[in-house]
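Structure first, commentary second.
Taken together, the values in this text are just the output of simple stated rules run on the coordinates, not laboratory data. Every value quoted in this text rests on a predicted model; they were computed, and no experiment measured them. Here the Cβ positions follow ideal geometry from the backbone for every residue, glycine too, while neighbour counts run over all protein chains shown.
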């Protein structure tokens, strides 16, 4: 089954690839590697869920935010590689806007990691770190950046 | 116009490449990729601007700090690649020492991104994340690390 | 002298490679590069030292935690590459769970960097950033991720 079919089966739709508002780009390819700019859980209306995970936001809510972020990253990968069936996730940096004593970052970032494996199968498995930031742009709850490999 | 000429036209001078004070190096090349160690806005006298952006430090001040950091990174790239005309910026991680409710990290890190494009043109465009740290070495306001590609 | 012999001479033992508890993996190889997932200073009993460096934890204690983390990373590299004599450290991201005004992150992460050079010699020298996080999984004191190159 293609990655697009799996997305459909999961009832998921890829968002538009966000246009960076500065002198940087959504992704950059060198050889067969694509570096994706960090993304957050952008809603269809352009706003973001905000707050500190572990204080204002629950793990379950933040898991959904990480999943939403993953959809945006898949959209950027698809645009960069032409098809999701050609991409393999290599490395993910999952950044949680968390309260200072928060300890469950992995459970939050699983929202993105689980999505990648659900859509891409074994090519969705990746090395990763899931860590807590002091703050994030727009006060959004999570930001994730990814390195992917493109197969011919 | 060469990158060195553009720097001159912009009235900018590259600083000395800082010597790491430990068992690490300023940059490491593997194949045609160079990984640069994180740098901050080091002044000529070796000190750094300090404080939390959004509390003690304004966005405008921190933009200048990110630009100063970018000059140090360009100096390291030039040393690593021999000439700035051979380098292409691939990926930037912009880390802001920010107050917990700060939300304008991209506006700060633009100080570095804008510099790279001003000096390197299209080869200066890059994927990036701009995020908020809980703290930074020397209490400095920003730290930026970069991955670049070297062209023959 | 082999890296294994140097470890023995230093009186150090590699721990088991931790099994990730989610949809990610301990390391991912693409070409001759291996991306390692972030690790912390896991004790033999599976627990971690916790607290904020600069408040609850001293630099000296955290240096030892970074060294312990480095042993876990060496274990993962060895498993990935087959032998430590084939690995070269390229890039390290050292993340310290620090108090907001902490300023000595490099002195903490040196615990890992020094270990890599002690065990791997010149191939242990790397580009790096050493920075302060707002929080870390399990409230652990440090987390470190690494990119390594494998030699034939």
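The table below gives the values:
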item	result
Likely footprinting exposure, A:89, C:34, B:59, fewest C-beta neighbours within 10 Å first	B:59, C:34, A:89
Candidates A:114, A:85, A:122: whichever shows maximal mean-square fluctuation once chain A is modelled as a Gaussian network with Cα springs under 10 Å	A:122
Max mean-square fluctuation residue, GNM over chain C, Cα-Cα springs under 10 Å, options C:44, C:81, C:62	C:44
Label spacing, shortest first and in nm, from residue C:152 to its equivalents in the remaining copies (7 angstrom along Cα→Cβ)	2.0, 2.0
Three-way shape call for the protein assembly as shown based on the alpha-carbon gyration tensor, with the a/c threshold at 1.5	rounded
For segment B:95-126 versus segment C:105-152, the gap between their alpha-carbon centres in whole angstrom	25 Å
Two-site FRET efficiency, residue A:22 against residue B:58, from Cβ-Cβ distance with R₀ of 22 Å, rounded to 0.05	0.75
Nm distances between copies for residue B:45, ranked from closest, using label points 7 Å along Cα→Cβ	5.1, 5.1
Antiparallel DSSP beta bridges within chain C, as percent of all bridges there, nearest 5	70 percent
Ranked list, fewest to most other Cβ atoms within 10 Å of each Cβ, for A:33, B:1, A:95	B:1, A:33, A:95
Using alpha-carbon coordinates, inclination of helix C:59-81 to the longest axis of chain C, degrees	30 degrees
Separation of alpha-carbon centers, segment A:50-78 and segment C:1-34, rounded to whole Å	31 Å
Value of [θ]222 nm, deg cm²/dmol, for chain C, DSSP H segments ≥ 4, -39500 (n - 2.57) each, nearest 500	-10000 deg cm²/dmol
Angle between chain B longest axis and helix B:105-120 axis [Cα atoms, degrees, rounded to 10]	20 degrees
Fully extended contour minus Cα-Cα distance, from residue C:79 to residue C:101, at 0.36 nm per residue	4.1 nm
Ascending count of other beta-carbon atoms within 10 Å, so fewest first, for B:120, B:73	B:120, B:73
Distances in nm from residue C:11 to the matching label points in the other copies, shortest first (labels 7 Å along Cα to Cβ)	6.0, 6.0
Nearest residue to the symmetry axis between A and B, taken on chain A by its Cβ, in whole Å	A:134, 2
Of all DSSP beta bridges in the protein assembly as shown, antiparallel share, percent nearest 5	65 percent
